[in-house]
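The values are calculated or read from the model by the stated rules, or taken from the named source; none is laboratory data. Just so it is clear, the structure is predicted and the values come from calculations on it, not from any experiment. Glycine gets a Cβ as well: all are built from the backbone with ideal geometry, and neighbour counts include every protein chain shown. Ligands, DNA and RNA are stripped out before the accessible areas are found, and what is left, the full protein with its side chains, is counted by its heavy atoms. Shrake-Rupley method; radii C 1.70, N 1.55, O 1.52, S 1.80 Å.
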Amino acid sequence: MSKDDHLNLHKKVTFAGLLVTLGIIYGDIGTSPLYVLQTIVGTDNKIDGEIIFGALSCIVWTLTLQTTIKYVLLTLRADNNGEGGIFALYALVRRTKRKWLLLPAIIGGSMLLADGIITPPISVTAAVEGVSGVSKNFPIASVTIGILAALFIIQQFGTKFVGKFFGPMMFVWFSMLAVLGISQIKNDYTILNALNPYYAIHLLLTHKGMALGILGAVFLCTTGAEALYSDLGHCGRKNIRITWTCVKICLVLNYFGQGAWLISHEGHKLSEFADRANNPFYTIMPDWFYGAGIVIATAAAIIASQALITGSFTLINEAIRLNFWPKVRIKYPTNLKGQLYIPSVNWLLLIGCIGIVIFFHQWPASYPGEPDSSKMGAAYGLAIIVTMLMTTILLSYYLLMKRTKVWLVVLVLIVYLPIELLFLRANLEKFRHGGFITVMVGILLIALMWIWYDARKIRNRYVEFVKLDEYLPMVAELGQDTSIPKYATHLVYLTSADIKDEIESKIIYSILQKRPKRADVYWFVHVHGTDSPYTMEYKVNELVAKEVFRIDFFLGFRVPTKINLLFRKVVQEMVTNHEVDITSRYESLNKANVIGDFRFVVLEKYLSADNELPVYEKIILDIYYFMKPITLSEESAFGLDTSSVTVEKVPIVIAPGKEFNMRRIS
């Protein structure tokens with residue numbers, strides 16, 4: 001998809017676009033009615049009308065302030081050539097040269113990924129629990145694990161077919177939410193008074209002992225808001241804004257319908273309604289619809305999980321291009337733009353999700369008798385509120401960068417920092433009830449991203465560059481020196497030098513000294529990662545006429561790095577423009593116009609034993625090189641044909657040890 005296509009995506013609104021948007025981005029936030037009010041009320045607590053009114057008011061205004069105003073109206077403006085998400089936002093604001101902005105980007109991205117291990121389990125578990133109203137001995141945990149396993153297994157085949165099913169299915173889901181809600185609201189229109197923010201404020205001021213717990217549960221209604229921004233590039237701003245208006249109405253109607261039913265049963269406990277899974281979502285269903293409702297809810301939960309999985313793939317892909325994540329294998333199972341599959345992330349997520357299901361199924365301490373989804377709800381949301389806080393920080397710098405009036409930026413911070421800090425405080429109450437799991441995973445991911453990023457910085461800081469002009473005459477003469485066996489017709493080096501007239505000293509050493517490499521044409525290739533997502537540009541510099549060239553690729557952070565294909569395309573265009581002759585220089589082959597051979601040389605750096613490093617740098621680099629063997633090799637990461645690649649190992653001497661005082665004796 002080109003830059004123009006992305007811009008057009010934000011301008012046009014079509015029925016197909018609205019349907020796709022409905023299916024892609026609302027799975028998480030759209031399935032929250034399955035567990036929000038159930039978590040707020042609890043199974044063995046008596047239903048209190050005052051708490052229900054206050055909780056509903058909190059839900060409405062959380063959806064309004066956090067999702068509608070912050071994300072749909074404000075954050076969607078911060079698009080990076082049509083792309084959204086916390087890493088796309090960081091790519092925009094890092095142009096301000098404030099290095100510390102790296103921290104909120106890494107923290108936010110890590111916590112968003114960590115939250116992904118609990119979103120599929122809670123969505124699928126809450127849906128499957130509906131069957132317990134029919135069969136008391138139904139193996140909820142086993143069925144949930146089975147559904148999740150099947151979902152992760154099919155990822156390798158792509159989701160093109162399933163994707164066509166998402167939009168219509170989510171339309172059915174939201175229609176069902178609205179109809180079920182209206183069917184209860186019409187029995188008690190006074191429930192609509194909860195639209196008044198007075199009830200939210202009154203609840204928080206008069207029930208201070210319960211306020212944090214209630215807010216922690218209320219926050220679950222908006223946990224999918226970040227997905228609206230992350231999937232901006234797939235759906236378009238106008239499609240998201242139009243569909244969100246309808247989605248929010250359906251969600252609010254269903255919450256209010258559940259609230260009306262709860263108030264009509266004030267003084268009772270949800271445990272008295274075991275035939276409907278102790279869940280107000282299922283209790284408002286008519287008997288004749290109950291079975292169909294469970295099926296639709298399960299389908300919606302699977303879609304929510306699918307959206308989270310594909311979102312995680314996109315997040316990791318962006319992290320790799322920004323040097324936040326080790327290079328791992330990425331596959332493209334279909335020809336759809338943005339459709340990718342990362343095997344290592346897929347299986348790690350599956351293991352994490354299964355672990356979550358088993359852990360909370362066996363979790364007896366804090367919530368005896370509670371459904372598994374309620375237990376998960378007690379731990380859900382802690383990581384995502386951290387991501388929202390980090391997005392607020394990055395967004396404020398983006399607004400300043402766009403020359404927004406300072407008082408407006410200050411207003412955004414004054415409104416949202418207190419709200420999100422309050423939600424953070426409320427969610428911290430969940431830490432000992434299972435929230436520590438997502439926090440621990442998040443901290444591990446933060447450490448991984450930071451180590452990978454900082455280790456590359458440390459290494460690159462000590463890479464020695466030399467002026468290429470000083471060596472070009474020697475390289476050109478080497479190419480004409482027939483006393484040296486020819487190494488290749490075309491010799492290609494990948495260089496990390498950003499400046500065109502510089503080169504790593506190790507490359508010069510490889511060409512001239514480490515088995516001198518004679519070639520007819522020398523190529524130096526460098527890849528620039530750009531802050532725009534889908535940039536695909538290149539520049540050619542002829543350093544020695546017809547003999548030495550430098551090619552600079554400018555690739556966006558969502559463009560796969562397939563240097564083999566890109567380089568071939570560039571060479572073909574240069575041949576068409578008569579800039580280079582790539583036929584073999586061997587006389588017998590030249591007569592037949594046979595294409596000359598190309599050989600790529602990749603320098604694989606390793607840490608020399610001759611180093612004395614500060615403790616911090618030693619720890620960072622030791623962990624980096626410990627992880628290196630399980631990542632993609634340099635040639636695979638750059639998409640090179642391994643049959644035409646030579647890998648040369650070169651030592652990095654970052655901090656040479658002290659000189660030895662040695663004495664020669666006779």
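Looking for whichever is open to solvent by 10 Å² or more (accessible area, probe 1.4 Å), touching a residue at least 12 places away in the same chain (Cβ under 8 Å), in contact with a helix residue (DSSP H, G or I) (Cβ under 7 Å, 6 or more places away or on another chain) and on the phi < 0 side of the Ramachandran plot here; the options are 296, 309, 303, 284. Which one fits?
Unique residue meeting the criteria: 296.
Just for the stretch 227-237: of the residues that are in a helix (DSSP H, G or I) and of a type in the set (Gly, Ala, Ser), which one is surrounded by the most Cβ atoms within 10 Å (Cβ to Cβ)?
227
Can you tell me which residue in the stretch 538-567 is surrounded by the fewest Cβ atoms within 10 Å (Cβ to Cβ), limited to those that are of a type in the set (D, E, K, R) and more than 23 Å from residue 634 (Cβ to Cβ)? Walk me through it before giving the result.
We begin by selecting, within the stretch 538-567, every residue of a type in the set (D, E, K, R); these are 539, 542, 546-547, 550, 552, 558, 562.
Next cut, more than 23 Å from residue 634 (Cβ to Cβ) only: 542, 546-547.
Details: 542: 13, 546: 11, 547: 17.
Per the criteria, the residue is 546.
Checking the structure you have, find out if any residue of the stretch 76-87 is open to solvent by 20 Å² or more (accessible area, probe 1.4 Å) and acidic (Asp, Glu).
yes
Six or more apart or on different chains, Cβ atoms under 6 Å: show the pairs whose first residue is in the stretch 629-642 and among the charged types (D, E, K, R) and whose second is surrounded by 14 or more Cβ atoms within 10 Å (Cβ to Cβ).
634/602; 635/602; 635/645; 641/564
Restricting to the stretch 615-649, give me the number of residues that are assigned to a helix (DSSP H, G or I), in contact with a Pro (Cβ under 9 Å, 6 or more places away or on another chain) and hydrophobic (A, V, I, L, M, F, W, C).
Summing the residues that are assigned to a helix (DSSP H, G or I), in contact with a Pro (Cβ under 9 Å, 6 or more places away or on another chain) and hydrophobic (A, V, I, L, M, F, W, C) in the stretch 615-649 gives 2.
Can you tell me which residues in the stretch 597-623 are at pLDDT 85 or above, open to solvent by less than 30 Å² (accessible area, probe 1.4 Å) and over 22 Å from residue 524 (Cβ atoms)?
The answer is 620, and nothing else.
State yes or no: is residue 241 under 30 Å from residue 15 (Cβ atoms), open to solvent by 60 Å² or more (accessible area, probe 1.4 Å) and in contact (Cβ under 8 Å) with a residue 60 or more places away in the chain?
So residue 241 passes the test.
Which residues, taken from the stretch 535-572, are part of a strand (DSSP E or B) and hydroxyl-bearing (Ser, Thr, Tyr)?
The one that is part of a strand (DSSP E or B) and hydroxyl-bearing (Ser, Thr, Tyr): 538.
Can you tell me which condition residue 456 does not meet? The list is (1) over 30 Å from residue 92 (Cβ atoms); (2) of a type outside the set (A, V, I, L, M, F, W, C); (3) open to solvent by 40 Å² or more (accessible area, probe 1.4 Å), and all the others hold.
(1)
Do any helices (runs of 4 or more DSSP H) lying entirely in the stretch 318-407 carry at least 3 residues that are at pLDDT below 90 and out of contact with any helix residue (DSSP H, G or I) (no Cβ under 6 Å at 6 or more places or on another chain), and which ones are they?
The qualifying helices (runs of 4 or more DSSP H) are 343-361.
Say we look at the stretch 35-67 and pick out the residues that are under 27 Å from the mean Cα position of the chain (by Cα) and crowded, with 20+ Cβ neighbours inside 10 Å; which of these is modelled with the lowest pLDDT?
35
Output the qualifying pairs, or none if there are none: Cβ atoms under 8 angstrom, residues six or more apart or on different chains, first residue in the stretch 404-432 and of a type outside the set (Lys, Arg), second residue part of a helix (DSSP H, G or I) and open to solvent by 70 Å² or more (accessible area, probe 1.4 Å).
If the second residue must be part of a helix (DSSP H, G or I) and open to solvent by 70 Å² or more (accessible area, probe 1.4 Å), the pairs left are 406/400; 409/400.
Among what's in the stretch 1-33 and is crowded, with 18+ Cβ neighbours inside 10 Å and either over 26 Å from residue 301 (Cα atoms) or aromatic (Phe, Trp, Tyr) (or both), pick the residue that is modelled with the highest pLDDT.
Taking the candidates together, the pick is 26.
Out of the residues in the stretch 511-534 meeting the condition of being within 20 Å of residue 94 (Cβ to Cβ) and not in a strand (DSSP E or B), tell me which one is least open to solvent (accessible area, probe 1.4 Å).
Out of the qualifying residues, it is 533.
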